[in-house]
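Each remark here refers to the structure printed beneath this line.
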Amino acid sequence: MWGMASNGVIHIVDAVVKLPTVADFVLLDENFASLEAALKIQGQPDFISILGTSNGTDPAPFTLFAPINQAFSNISATIPVNELTNILEHHIIPGNNIPSSGITNGLVSPPTLEGDVITFFISGTLISATDGAGNGDKNIIAADLQAANGVVHVIDKVLIPDTSN
């Protein structure tokens, strides 16, 4: 059922439409199929449940840097599970919903779930990041996918943590 309004159309529904979680963005977008598969590998923490945590419940909200499928083709396919866990945790900043408008040139992020920080740089409209291992040129290619429990920024490369700490 729908109704006309002076500035658009109103769709009448019989229930409250639930806002997606950070986990929903990963699960429902084919661009994140490789990320989803990595998050679900046996031996990993239950990342999907973690990223589905309700806002206001520790460790939500989240800022998730979600690598596109192509990004995973650039890393080794034989990463040990414990190293993969650290890599995946390095993409999640718990307790923070950081929109792109909150990212400034030289900003150092709060610690990721893994414990390292990410440093951001801005050149014109491009936001890039340097991961915990010091690798730069990780670009945010789509920003501010706002979820009910945080925000997702799409990145073109996988973030690698500092393995010496």
Give the lysines whose C-alpha is closer than 27 Å to that of residue 18, dropping any in the same chain fewer than 8 places away, or say none. 40
Please give the contour-minus-distance gain from residue 7 to residue 49: 0.36 nm per residue of separation, less the Cα-Cα distance, rounded to one decimal in nm. 11.2 nm
Taking the Cα centre of the chain as origin and charging only Cβ (+1 Lys, Arg; -1 Asp, Glu), how large is the dipole, in debye to the nearest 20? 240
The set of residues whose placed amide H lies less than 5 Å from the amide H of residue 141, leaving out same-chain residues fewer than 5 positions away, is 154, 155, 156
Stokes-Einstein D for the range 58-150, Kirkwood Rh over Cα pairs, 20 °C, 1.002 mPa s (µm²/s): 154
Looking at the range 34-165, send over the antiparallel percent of its DSSP beta bridges, to the nearest 5. 75
What is the extension gain from residue 70 to residue 104, computed as 0.36 nm multiplied by their sequence separation minus the C-alpha to C-alpha distance, in nm to one decimal? 9.6 nm
Quick check for you: with a 1.4 Å probe and neighbouring chains kept, what is the accessible area per residue of the chain, in Å²? 53
The percentage of the accessible area of the chain (probe 1.4 Å, all protein chains present) made up of carbon and sulfur atoms, to the nearest whole number, is 55
In a shell of Cβ-Cβ distance under 14 Å around residue 117, excluding residue 117 itself, what net charge do Lys and Arg (+1) and Asp and Glu (-1) give? -4
Could you rank the peptides 87-95, 31-39 by their average count of other C-beta atoms within 10 Å per residue, with the highest value first? 87-95, 31-39
Kirkwood hydrodynamic radius, computed over distinct alpha-carbon pairs, for the chain: how many Å, to one decimal? 16.7
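The values are calculated or read from the model by the stated rules, or taken from the named source; none is laboratory data. Note that the coordinates shown come from a computational prediction; the quantities given were computed from them, not determined experimentally. Positions of Cβ are backbone-derived with ideal geometry, glycine not excepted, and every protein chain shown enters the neighbour counts. Surface areas here come from the heavy atoms of the whole protein model, side chains and all, with no ligands, DNA or RNA. Shrake-Rupley method; radii C 1.70, N 1.55, O 1.52, S 1.80 Å.
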